[in-house]
Every structure is written in C-alpha cells, then in structure tokens.
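Structure first, then comments.
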Amino acid sequence: MIEMKGICKSYPRPDEGPLQVLKNIEINISDGEYVAIVGPSGSGKSTLMNILGLLDHTESGDYTLGGESVSGLSSAKLAKLRNQKIGFVFQQFHLLPRTSAIENVEIPLVYSDADNPGQRAIAALEQVGLGDRMKHFPEELSGGQQQRVAIARALVTDPELILADEPTGNLDKASGEDLMDLFQKLNDDGRTIVMITHDENLAKRAQRIVRIDDGRLSELSDVDPSESQMGDVV
C-alpha cells in the first residue's frame with residue numbers, strides 16, 4: 001500500500017537556515033495493515049501525515065501509493081488520487097454545522113463519479129452505527145457521534161487507506177475506546193489504517209508501532225512501547 005524511500009521535507013525560515021522536519025523517512029506498509037505512528041509534539045507527525053495524504057509535496061525521495069509513484073504528480077492528479085484512495089479522520093471533526101449527518105457524508109462524492117450518493121452515504125452511516133442519526137445536525141450529536149460521522153465521510157468513497165490524525169483527541173475516554181473498537185472492525189474488514197497519535201496506550205491497539213522523533217522514524221517491536229528497543233523501519 002505505502003512505500004517511502006528517502007523522504008525529506010524542510011521549510012524555509014526568514015532569519016536562519018531551513019528547518020528540516022523529515023529526515024530520510026523510509027517505511028513500507030502492506031495492504032490491510034494497521035500501523036500507529038507515535039511521537040511528541042514537533043516531531044514531524046503532522047508533516048508526515050500531510051505527505052502520506054497527498055496534501056503536501058516531498059522535497060526529495062520517492063513515495064509510492066498503491067503501486068503508483070506519486071512524486072511529481074500535478075495537483076489535479078494528486079487531488080483525484082486522494083479522493084479515490086484515501087479517507088481522512090482528524091482530531092477536529094470538520095463537519096459543516098448547518099448540514100445534516102447524511103449531507104456531511106455525501107460531500108466527498110461531489111468530487112467523484114459515484115452513482116447513488118445518497119444510498120452510499122446511508123450505507124456508510126449504518127456501517128458506523130449511525131443509521132438512526134442521519135438527519136441530525138452536528139450540534140444534536142455527541143462528540144463520539146460526530147467523529148463517527150467524520151469516519152462515515154472518510155469511508156463513503158470506499159478508500160483503500162484510512163489516515164487518522166489524533167482521532168480521539170476531542171473525545172472522552174469511553175467515546176475514544178468505542179472509536180478504537182470501530183477502527184479495529186474496519187481493519188478486520190480489510191482496510192489499511194495509519195493512525196498518528198501521541199498516546200502510546202492507544203497505539204497498542206495497532207499491529208505495528210512506529211516512532212517519529214526529530215523527523216526520523218524507528219520501529220517499536222515490543223508490545224509495550226515504553227520498554228521496547230527501537231530498530232530500523234522496514
């Protein structure tokens with residue numbers, strides 16, 4: 001599903017040299033894997049997520065998604081590939097406040113050639129357990145329900161890859177556990193999931209844990225991230 005080789009990314013600074021955020025990132029993620037990427041604030045997690053999600057360009061190196069090299073593709077081609085292959089779940093739910101759950105879920109289909117958008121949105125909401133809430137507005141839903149709407153929106157285009165960036169960050173503990181159970185079910189159904197989180201306890205729910213620190217990746221092979229030894233990412 002994902003192969004990154006030698007990925008580097010830096011940003012210019014006005015009064016000093018460029019800030020190098022990602023340093024020679026190399027990682028392979030197979031179809032159907034569930035991978036957690038953990039790291040402290042400022043470690044490069046968000047930049048890596050943006051590149052994984054085709055929202056930002058690499059400075060050097062090669063990124064292959066689903067067997068296709070995306071390095072050097074035009075913005076239009078990246079947007080089409082992003083819509084077809086990737087579903088996003090963020091810490092902020094990013095729901096339109098004056099739009100019902102089903103209308104929020106239909107939004108990605110506006111940019112695709114999918115038939116029967118209404119039926120597909122209904123199916124996605126039912127998949128996340130919100131078939132009885134599709135006409136509700138965000139303010140009428142709990143935080144956990146709003147995040148489930150966001151997940152349904154990510155699923156409605158039937159993407160091969162789900163990218164989740166701190167998905168439980170705005171949820172209470174119980175809602176967060178429910179959400180992690182849902183991610184597990186999606187992975188059991190064959191979805192590839194990459195979750196970025198600062199919470200290593202949540203990361204234990206994944207099949208693999210990878211740490212990013214100061215722009216470099218290393219794999220945590222032990223079950224307990226706090227006690228594991230770091231090795232090369234493969």
Region 116-129, subset touching a residue at least 12 places away in the same chain (Cβ under 8 Å) and in a loop (DSSP other than H, G, I, E, B), residue surrounded by the fewest Cβ atoms within 10 Å (Cβ to Cβ): 129
Of the criteria (1) in a loop (DSSP other than H, G, I, E, B); (2) on the phi < 0 side of the Ramachandran plot, which one residue 158 fails: (2)
Residues located in region 171-188, provided they are in contact (Cβ under 8 Å) with a residue 24 or more places away in the chain, of a type in the set (D, E, K, R) and in a helix (DSSP H, G or I): 178
Breaking point among (1) surrounded by fewer than 17 Cβ atoms within 10 Å (Cβ to Cβ); (2) on the phi > 0 side of the Ramachandran plot, for residue 166: (1)
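Would you confirm, using the coordinates I've provided, whether residue 113 is free of Cβ contacts under 8 Å to residues at least 40 places away in the same chain, assigned to a loop (DSSP other than H, G, I, E, B) and under 21 Å from residue 81 (Cβ atoms)?
In short, yes.
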Test result for residue 103, touching a Pro at 6+ places or on another chain (Cβ under 9 Å), among the charged types (D, E, K, R) and at pLDDT 90 or above: no
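Answer yes or no as to whether residue 48 is within 23 Å of residue 92 (Cβ to Cβ), in contact with a Leu (Cβ under 8 Å, 6 or more places away or on another chain) and not β-branched (Val, Ile, Thr).
Details: within 23 Å of residue 92 (Cβ to Cβ): yes; in contact with a Leu (Cβ under 8 Å, 6 or more places away or on another chain): yes; not β-branched (Val, Ile, Thr): yes.
In short, yes.
Which residue out of 168, 192 is hydroxyl-bearing (Ser, Thr, Tyr) and at pLDDT below 90? Spell out the reasoning first.
Values: 192 fails: at pLDDT below 90.
That would be 168, the only listed residue that is hydroxyl-bearing (Ser, Thr, Tyr) and at pLDDT below 90.
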Restricting region 205-221 to residues that are assigned to a loop (DSSP other than H, G, I, E, B) and touching a residue at least 24 places away in the same chain (Cβ under 8 Å), the residue that is nearest to residue 24 (Cα to Cα): 215
Residue under evaluation residue 43, criteria (1) modelled with pLDDT of 90 or more; (2) more than 18 Å from residue 3 (Cβ to Cβ); (3) of a type in the set (S, T, N, Q), criterion not met: (1)
Qualifying residue in region 136-159 (condition: touching a strand residue (DSSP E or B) at 6+ places or on another chain (Cβ under 8 Å) and either closer than 25 Å to residue 5 by Cα or free of Cβ contacts under 8 Å to residues at least 24 places away in the same chain (or both)): yes
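Run down 158, 113, 132 and say which single residue is charged (D, E, K, R), surrounded by fewer than 16 Cβ atoms within 10 Å (Cβ to Cβ) and at pLDDT 90 or above. Steps first, answer last, please.
Details: 158 fails: at pLDDT 90 or above; 113 fails: at pLDDT 90 or above.
From the options 158, 113, 132, the qualifying one is 132.
The values are calculated or read from the model by the stated rules, or taken from the named source; none is laboratory data. All of these numbers come straight from a predicted model, not from anything done at the bench. Every residue, glycine as well, gets a Cβ built from its backbone with ideal geometry; the counts of neighbours run over all protein chains shown.
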